[in-house]
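Enquirer: Once you've had a glance at the structure underneath, I'll fire off some questions.
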Amino acid sequence: MYDLQDLIAALPPSNKPLRISVRQLHWFRAAFEACARLCGERMGCRFAVDDAKLARIFLRWLRAIDAQKPRNLRERRDFFDFVPSLVLCELIADMPLKTISGPSLAEPGSAAAFWPEGYVCTQFCLAVHGAATQQEFNVRSEIDRMVDDVRSWYSFRENASEDQNFAAGFFQKLLGHEPNWFMPASFQARMRVNE
Amino acid sequence: MDFKRPQTPDVEPVRHMLRGLRGVLKEGRDRFAREIPDRLPTPASVAARALLHGVDQMAHDIDRLAVNISHGLRSTSPTKDDAGRPRAHPLADAFMGALAAARRQRALPDAAMPDEAVVRTAFAVACGPDGPFEPDGAASLTLTLLAGGEGGDAADRGRAVVIFGAALSLLASCDGETSASILRSAVDLSAALSDDILGACKSDDGAALADLYRKYRAHV
């Protein structure tokens with residue numbers, strides 16, 4: 001996996017807290033493009049971004065947040081960790097990235113070489129979550145080592161093609177949480193399992 | 001007899017001061033967030049986070065205050081220009097520019113859009129001659145500009161996306177000046193919302209349209 005701090009440093013600046021900026025399409029898009037550009041340079045890959053798809057993904061994500069936002073403030077931190085998994089679901093289900101060339105520099109057999117678009121979308125979610133977590137809680141995200149295991153990515157890609165919600169579970173695993181695999185994209189279901 | 005036009009107060013220093021105040025708040029907030037909450041025991045840590053939330057809200061309120069002051073001071077300007085003609089709404093030019101750019105972004109022919117004079121009149125009616133541009137006025141403007149359009153559903157959708165996007169970009173920008181990035185995002189968001197926008201327009205539901213503006217102006 002690429003250094004998360006490098007990806008975080010590549011995110012566009014904002015004079016607002018990131019938890020607010022990321023829910024503004026102009027920042028969300030700029031951040032997504034920055035991640036695609038930086039990952040593309042390292043992978044030797046050129047990507048095209050479908051703006052219309054990205055806007056629809058963003059809108060569905062906002063609605064998913066509204067639908068699942070907990071009323072209990074004590075659940076805020078857990079929801080903070082959960083929310084990026086919802087955007088990853090949307091990104092994987094309606095992939096806004098298209099590989100135009102490459103990947104010429106990605107190590108053969110690596111996750112980036114196996115699935116460049118899925119890899120970039122996941123990196124984007126990790127970077128934004130990592131940056132926002134540092135800002136809000138002064139905590140650095142720990143990413144599970146499965147991120148570098150290409151077999152996890154085989155499973156992720158295959159299962160997400162059958163059920164987009166699988167992406168939410170994969171992301172929670174990356175953050176070290178055990179998802180509810182029956183309903184990985186449901187925050188309340190996840191809470192009940194964890195309790 | 002010479003009529004001396006009253007001096008309009010300069011908005012920029014006030015806004016500059018508010019920006020400075022906001023910057024100081026943000027700096028203190030970030031330092032506090034970095035150094036304090038995690039060192040405190042749980043009850044105090046919760047209180048500290050509530051305080052941080054309050055500071056964020058205050059920063060947001062300062063942003064809104066800057067906009068309101070800007071609009072308020074503009075509204076003290078005379079209602080007629082030097083030649084005695086009714087003065088255009090201060091944001092009408094910005095809206096016309098946003099509308100033209102949004103039309104180009106959606107590759108809509110110029111002929112598909114309402115005439116400039118119609119747009120300017122509708123803008124003045126929707127907002128009052130000098131009133132602030134708010135979601136209710138934006139909804140009224142949208143319904144007026146879409147009324148009487150020709151060309152079927154696809155054309156209606158195209159026009160609705162452009163008009164809603166242009167108005168949304170104006171509502172979203174803090175100081176009434178739309179940057180290219182804000183405009184582009186507003187139009188893309190408008191396209192993603194096109195079913196909701198068309199639904200509200202077809203049922204002539206100004207309240208539903210205003211709710212869309214109110215909700216999504218923060219998400220451009």
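Enquirer: Where in the stretch A:6-94 are there trypsin sites (Lys or Arg not before Pro) that are in a DSSP coil and have at most 11 other Cβ atoms within 10 angstrom of their Cβ?
Expert: The qualifying sites are A:Arg71.
Enquirer: List, largest first, the extents of the alpha carbons of chain A along their principal axes, each in whole Å.
Expert: On the principal axes, chain A reaches 47, 38, 31 Å in Cα extent.
Enquirer: Ordered by residue, what ³J(HN,Hα) values in Hz, to whole numbers, does the stretch B:97-111 give under the Karplus form 6.51 cos²θ - 1.76 cosθ + 1.60, where θ = phi - 60° and Gly and Pro are x?
Expert: 3J(HN,Hα) across the stretch B:97-111, in whole Hz: x, 5, 5, 5, 5, 5, 4, 5, 4, 8, 6, 8, x, 4, 5.
Enquirer: So if I place +1 on the C-beta of Lys and Arg and -1 on the C-beta of Asp and Glu, and nothing else carries charge, what would the dipole magnitude of the stretch A:11-105 be about its Cα centre? I want it in debye, nearest 20.
Expert: Magnitude of the dipole: close to 300 debye.
Enquirer: Hey, another quick one. Classify the stretch A:38-152 as rounded, prolate or oblate, taking a ≥ b ≥ c as the square roots of the eigenvalues of its Cα gyration tensor: rounded when a/c is under 1.5, otherwise prolate if a/b is larger than b/c and oblate if not.
Expert: Oblate, because a/c is 1.5 or more while a/b does not exceed b/c.
Enquirer: Here is a follow-up. Kindly report, to the nearest 10 Å², the accessible surface of A:Arg157 as traced by a 1.4 Å probe over protein heavy atoms only.
Expert: My reading of the accessible area for A:Arg157 is about 90 Å².
Enquirer: Can you give the charge dipole size of chain A about its Cα centre, rounded to the nearest 20 debye, using +1 on the beta carbon of Lys and Arg and -1 on the beta carbon of Asp and Glu?
Expert: 660 debye
Enquirer: Moving on to the next point. By accessible area of protein heavy atoms, probe 1.4 Å, what ranking do A:His26, B:His219 get, highest first?
Expert: A:His26, B:His219
Enquirer: Please turn the phi angles of the stretch A:18-24 into ³J(HN,Hα) values with the Karplus equation 6.51 cos²θ - 1.76 cosθ + 1.60 (θ = phi - 60°), one per residue in order, whole Hz, x for glycine and proline.
Expert: With coefficients 6.51, -1.76 and 1.60, one gets 4, 5, 8, 4, 5, 9, 10 Hz.
Enquirer: To continue, here is another question. Would you calculate a helix-derived [θ] at 222 nm for chain A, using -39,500 (n - 2.57) for each DSSP H run of n ≥ 4 and dividing by the full residue count, to the nearest 500?
Expert: -19500 deg cm²/dmol
Enquirer: Ok, one more. Select from chain A the helices, each a whole stretch of DSSP H, whose alpha-carbon atoms run 27 Å or more along the helix axis and whose Kyte-Doolittle mean is at least 0.0; answer none if there are none.
Expert: Result, helices passing both filters: A:116-137.
Enquirer: Mind scanning A:Lys98/B:Lys215; A:Lys173/B:Lys215; A:Lys53/A:Lys173; A:Lys69/A:Lys173; A:Lys16/A:Lys69; A:Lys16/B:Lys215 and naming the pairs with a C-alpha gap bigger than 29 Å?
Expert: As for pairs spanning more than 29 Å Cα to Cα, those are A:Lys98/B:Lys215; A:Lys173/B:Lys215.
Enquirer: As a test of reading the structure, rank A:Glu107, A:Glu178 by solvent-accessible area (1.4 Å probe, protein chains only), most first.
Expert: Sorted descending by solvent-accessible area, the residues read A:Glu107, A:Glu178.
Enquirer: If N is the number of residues in the stretch A:86-157, what value comes out of its Cα radius of gyration divided by 2.2 N^0.38 Å?
Expert: 1.20
Enquirer: For the stretch B:92-219, just say rounded, prolate or oblate: build the C-alpha gyration tensor, square-root its eigenvalues into a ≥ b ≥ c, call rounded for a/c under 1.5, and beyond that prolate if a/b exceeds b/c, oblate if not.
Expert: Since a/c stays below 1.5, the shape of the stretch B:92-219 is classed as rounded.
Enquirer: If you don't mind, another one. How about the stretch A:34-83: which of its residues lose at least 50 Å² of accessible area in the presence of all protein chains relative to their chain isolated, using a 1.4 Å probe?
Expert: A:Leu59, A:Arg63
The values are calculated or read from the model by the stated rules, or taken from the named source; none is laboratory data. Keep in mind the model is a prediction, meaning the values are calculated, not measured. Because the Cβ atoms are built from the backbone with ideal geometry, glycine has one as well, and the counts that use them run over all protein chains shown. The accessibility values were calculated without ligands, DNA or RNA, using every heavy atom of the protein model including side chains. Shrake-Rupley method; radii C 1.70, N 1.55, O 1.52, S 1.80 Å.
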